[in-house]
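Below: the structure, in structure tokens.
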Amino acid sequence: MFRLLLALALTLSPLMAQGLSPLDSEPKAGGPQPPSDARNKADLEFYVRHLFVYGPQIGIEVGEYRKSDLPGMLETTVTASYKLASKQHTFYVSEDGKHLLEGTTYQIDKNPYRKTIETINTTNAPAFGEEGASVVVVAYSDFQCPYCAQEAQILRGQLKREYESRVRVYFRDFPLSNHEWAKDAAIAGRCIYNQEPEAFWTYHDWIFANQGSITPANLKDKVMEHAKGAGVDTLKLNGCLSDQSVADVVEASMAEGRAVGVTSTPTLFVNGRKMPGSVKWEQLKSVIDYELEYQQVTHNAGDDCGCAVDLEFPE
């Protein structure tokens, strides 16, 4: 059961016992008013809290309203969160604000994961495999996460051996806030990548293999020791570790992950298809094989799908 629902059940009981409504947290001036316009964020939040019985302990964020693929409808995303758990709802709002539609829309002549593919930015991201491949695997990962280490073995093992000439794999940072040294490790990885892209994968494999011996206190020393043996300029690396612009790149990767619904690690996307959690090799292989065959007909995903416009700059 989704953790948010469990947290909800635990937090609603004391409210009910006190005879309080989940909507009593922030009454409007002049007393509560019934919602009347879904284009109004406060009205929509009020309605959604009642719809899903989201109490005051559940944070609600109503996103910006944007034009949707459905004619005459606006689109917005409502995010409910409790501690480290979150859940997103996509709503379509009628022009008069009187009607809501929840769900996902598809255009039959477009890739069903087009929006996700367009949101994920693989420019200047660590990668291996064939450039221009018709299948792209994007891994949002955390260097301190043991499940990520297991998934990394599959990506760098079976997948690399069987599909390196047909699949492109990209790494995206998503260090979790409850992991003490994960973000610093992500920054170190980005610094190494900036110096020598291929050295990143040596670092990637090394840090996952040595998770158990790393602590917040010894991380920097161990990274420096590894870097020296890998031919990385440790003087440049040391200066890079405190470079805010590098930390900003990691933050941007995390924000992008949240935008496509990443809430835990590892989370894989295969041509935009979300596959959260520890994905077994047989399952991943079946999806890759299906995508390879599908793309022979549609040509609407992959590393060179024409999904985004690349700007040309003068030399």
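The values are calculated or read from the model by the stated rules, or taken from the named source; none is laboratory data. The model shown is predicted, which means the values in this text are computed figures rather than measured ones. Backbone-built Cβ (ideal geometry, glycine too); neighbour counts: all protein chains shown.
Is it the case that some residue within the stretch 85-102 is over 20 Å from GLN295 (Cβ atoms), basic (Lys, Arg) and crowded, with 16+ Cβ neighbours inside 10 Å?
Going residue by residue through the stretch 85-102, those that are over 20 Å from GLN295 (Cβ atoms) are 85-102.
If we keep only those that are basic (Lys, Arg) as well, we get 87, 98.
Still in the list and also crowded, with 16+ Cβ neighbours inside 10 Å: 87.
Checked against the condition, which is being over 20 Å from GLN295 (Cβ atoms), basic (Lys, Arg) and crowded, with 16+ Cβ neighbours inside 10 Å, the stretch 85-102 yields at least one hit.
Taking the condition of being within 16 Å of VAL138 (Cα to Cα), at pLDDT 95 or above and of a type in the set (Asp, Glu), how many residues in the stretch 290-309 meet it?
Final tally of qualifying residues: 1.
Of all residues being buried (at least 18 other Cβ atoms within 10 Å of the Cβ) and in contact with a strand residue (DSSP E or B) (Cβ under 6 Å, 6 or more places away or on another chain) in the stretch 46-59, which is nearest to PHE91 (Cα to Cα)? Just the residue, please.
VAL48
Restricted to the stretch 176-200, and to residues that are hydrophobic (A, V, I, L, M, F, W, C) and farther than 24 Å from ARG258 by Cα, which residue is surrounded by the most Cβ atoms within 10 Å (Cβ to Cβ)? Break it down stepwise before answering.
In the first step, residues of the stretch 176-200 are kept if they are hydrophobic (A, V, I, L, M, F, W, C); the result is 176, 181-182, 185-188, 191-192, 199-200.
From what's left, farther than 24 Å from ARG258 by Cα: 192, 199.
On the way: ILE192: 27, ALA199: 18.
If we take residues in the stretch 176-200 being hydrophobic (A, V, I, L, M, F, W, C) and farther than 24 Å from ARG258 by Cα, then ILE192 is surrounded by the most Cβ atoms within 10 Å (Cβ to Cβ).
Which condition breaks for GLY212 when tested against (1) surrounded by fewer than 18 Cβ atoms within 10 Å (Cβ to Cβ); (2) touching a Leu at 6+ places or on another chain (Cβ under 9 Å)?
(2)
Give all pairs with beta carbons closer than 8 Å in which a residue from the stretch 64-78 that is at positive phi meets a residue that is surrounded by 13 or more Cβ atoms within 10 Å (Cβ to Cβ); count only pairs at least 6 apart in sequence or on separate chains.
Cβ pairs passing all conditions: GLY72/SER94.
I'm checking my understanding of the structure. Among residues of the stretch 135-158 that are surrounded by fewer than 20 Cβ atoms within 10 Å (Cβ to Cβ) and not basic (Lys, Arg), which one is nearest to ILE214 (Cα to Cα)?
Once the filter is applied, the top-ranked residue is PRO146.
Going residue by residue through the stretch 111-120, is there one that turns out to be outside the structural domain of VAL53 (by TED's automatic domain parsing), farther than 28 Å from LYS280 by Cβ and touching a residue at least 12 places away in the same chain (Cβ under 8 Å)?
Looking for residues that are outside the structural domain of VAL53 (by TED's automatic domain parsing), farther than 28 Å from LYS280 by Cβ and touching a residue at least 12 places away in the same chain (Cβ under 8 Å), one finds at least one in the stretch 111-120, hence yes.
Return a yes/no flag: does the stretch 241-258 have any residue that is out of contact with any Phe, Trp or Tyr (no Cβ under 6 Å at 6 or more places or on another chain), surrounded by 14 or more Cβ atoms within 10 Å (Cβ to Cβ) and modelled with pLDDT under 95.
yes
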